[in-house]
């Protein structure tokens, strides 16, 4: 009795198809929550800079000091810059600060879109791995795409998606589009087998 090893695992028994499906759905939900956490983390980082007075005034102050230093160094040769250094530095601080904050925000936005793209790719691979049988993956891909298109609405991909959006179509067009999407998904599933 003492020599038997204790184990928390079930003995190797074959899972029924229903158990396999339940396990696949649980795996899908955990995977989707992990992806959402990664996207949420990137969005929080983006929004912390985009809506922060700290970053706005920090960049404006830095640009103002830099512009003032440039005006005073050039002011020895060109009196215009020495005479109007304060006004030039105010304008340089405001516009330079806005430009630097915009660059910082665009970098953070690009990283959010990159995280979303990676999540979409991983989710598609998981969906393909499970034979396109779990609808949670397809819903998550659609949700991530919608989020991406809201973040960058003027990209060619977002404009094209709005053109083919089922909600903006007539009933016949949307039915045809849904049937076509189903057929594509079915063909992809058949090719995988």
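Read-outs throughout are calculated quantities, based only on the coordinates presented, and are distinct from any laboratory measurement. Bear in mind the structure is a predicted one, so any value in this text is a computation, not a measurement. Ideal geometry is used to build each Cβ from the backbone, glycine not excepted, and the neighbour counts take in all protein chains shown.
Miscellaneous remarks
- In this rough spin-label picture, where each label sits 7 Å from Cα along the Cβ direction, the residue 142-residue 124 distance is 1.7 nm.
- Our summary gives segment 1-154 a relative contact order of 26 percent, counting only alpha carbon pairs under 8 angstrom and 6 or more residues apart.
- Residue-span extension gain [residue 181 to residue 110] - 0.36 nm each, minus C-alpha spacing: 22.6 nm
- With an a/c value of 1.5 or above and a/b larger than b/c for the gyration tensor axes a ≥ b ≥ c computed over the alpha-carbon atoms, segment 76-193 is described as prolate.
- Whole-number D in µm² s⁻¹ for segment 73-113, Kirkwood Cα-pair radius fed into Stokes-Einstein, 37 °C, 0.692 mPa s: 273
- A simple spin-label model places the labels of residue 191 and residue 156 2.2 nm from each other, with each point 7 Å out along Cα-to-Cβ.
- A full extension of the chain between residue 91 and residue 48 corresponds to an added length of 12.9 nm, given 0.36 nm per residue minus the alpha carbon distance.
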